[in-house]
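In what follows, a single structure is set out as structure tokens and then discussed.
The values are calculated or read from the model by the stated rules, or taken from the named source; none is laboratory data. Please read these numbers as outputs of a predicted model, since none were measured by experiment. Cβ placement follows ideal geometry from the backbone for every residue including glycine, while neighbour counts extend to all protein chains displayed.
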Amino acid sequence: MATTKKDLVVGAADAGQRIDAYAAHSTGMSRSRAAGLVDEEQVLINGKSVKPSAKLRLGDEVSINLPEPSPDDTLIPEDIPLRVLFRDEHLVVIDKSAGLVVYPAAGHRSGTLMNALRYLVGPLSAPGGPLRPGVVHRLDKDTSGVMVVALDDASYYSLVEQFRARTIQREYRALVFGCPRAEEGEIDAQIGRSTADRKKMSIRSRQGKEARTSWKLLRKLNGSAFVSAKLGTGRTHQIRVHFLSLGHPVLGDRTYGEKTAITHSGKRIAFPRQMLHAATLGFLHPVSKEWISFESPLPADMEKALLELGG
């Protein structure tokens, strides 16, 4: 089987990390697939085979032999309209619409943001895996707003490092059930995979990781509230899980809270999707080193809900 070799040197931010997690993050493959490659001696530390649980040290040299993509791993270009906020030879910033999946996976190989970018940009060479090249972060299918995709290796690793160092600026807007008593606050609660439902995340996970979300109350509404949230970390479903833990789940979220409608003044107000929007994204351009930031206006469905709720 043909392979492509990838050589890396462990930096301070990755020292102490498990090799399977490091290989997964560095290539965009799943953790289980990365562990399999380690077991098959396709991932070496300083030229030696190791176990998936081996811990990395600063300066370790890691080599990864990646299998060449199979036909099932081919990213199909599709002419899907995208709202492009910025594009140069290094990266592209997209204002993602709700309902658009970021990258192909089992059950949906087409119709995704990555299929659209493959059509718009052409071959995508940045790391991240054959079906999600250049993806350094993602938004859930039903979350709208700003996200960035790298178009070359150097930009990918620069953005990955900025996310790890938590210097990326990200602010969200959300409509939540009920109204918090305080005007602002910070949620500091670890998040990990739920033991009761593996499709969900939970603050009660046995293997939770640090997660922090700061928030502000923007407007009190009828039976709900309009809030802003800033991520101190970037865990899966973080805002949705953290607001659920406060007793104020995101409206329309069918996974957490299930508050899909509110009755106000005798009228039933339904929410077709989770009322969560990535409003701003700021970071250092990987090449120019200039700070650039982008904003996305509140989408029409959230504006409508805000008006109906008395905002």
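Values for this structure:
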quantity	calculated
Some residue of the range 142-165 being more than 30 Å from Trp215 (Cβ to Cβ), assigned to a loop (DSSP other than H, G, I, E, B), among the aliphatic types (A, V, I, L, M) and in contact with a helix residue (DSSP H, G or I) (Cβ under 8 Å, 6 or more places away or on another chain)	yes
Selected residue [closer than 29 Å to Ala189 by Cα, assigned by TED's automatic domain parsing to the domain that holds Glu184 and surrounded by fewer than 20 Cβ atoms within 10 Å (Cβ to Cβ)] from Ser265, Ser293	Ser293
Strands (runs of 3 or more DSSP E) (entirely within the range 172-267) containing at least 1 residues that are of a type in the set (Gly, Ala, Ser) and under 18 Å from the mean Cα position of the chain (by Cα)	212-221, 224-231
Counted residues, the range 126-141 - those being touching a residue at least 60 places away in the same chain (Cβ under 8 Å) and either outside any strand (DSSP E or B) or over 17 Å from the mean Cα position of the chain (by Cα) (or both)	9
Subset of the range 224-246 [under 9 Å from Thr213 (Cα atoms) and among the charged types (D, E, K, R)]	Lys230
Enumeration of residues in the range 115-125 that are outside any helix (DSSP H, G or I) and surrounded by fewer than 18 Cβ atoms within 10 Å (Cβ to Cβ)	Gly122, Pro123, Ser125
Selection within the range 1-33 - among the hydrophobic types (A, V, I, L, M, F, W, C) and at pLDDT below 85	Met1, Ala2, Ala13, Ala24, Met29
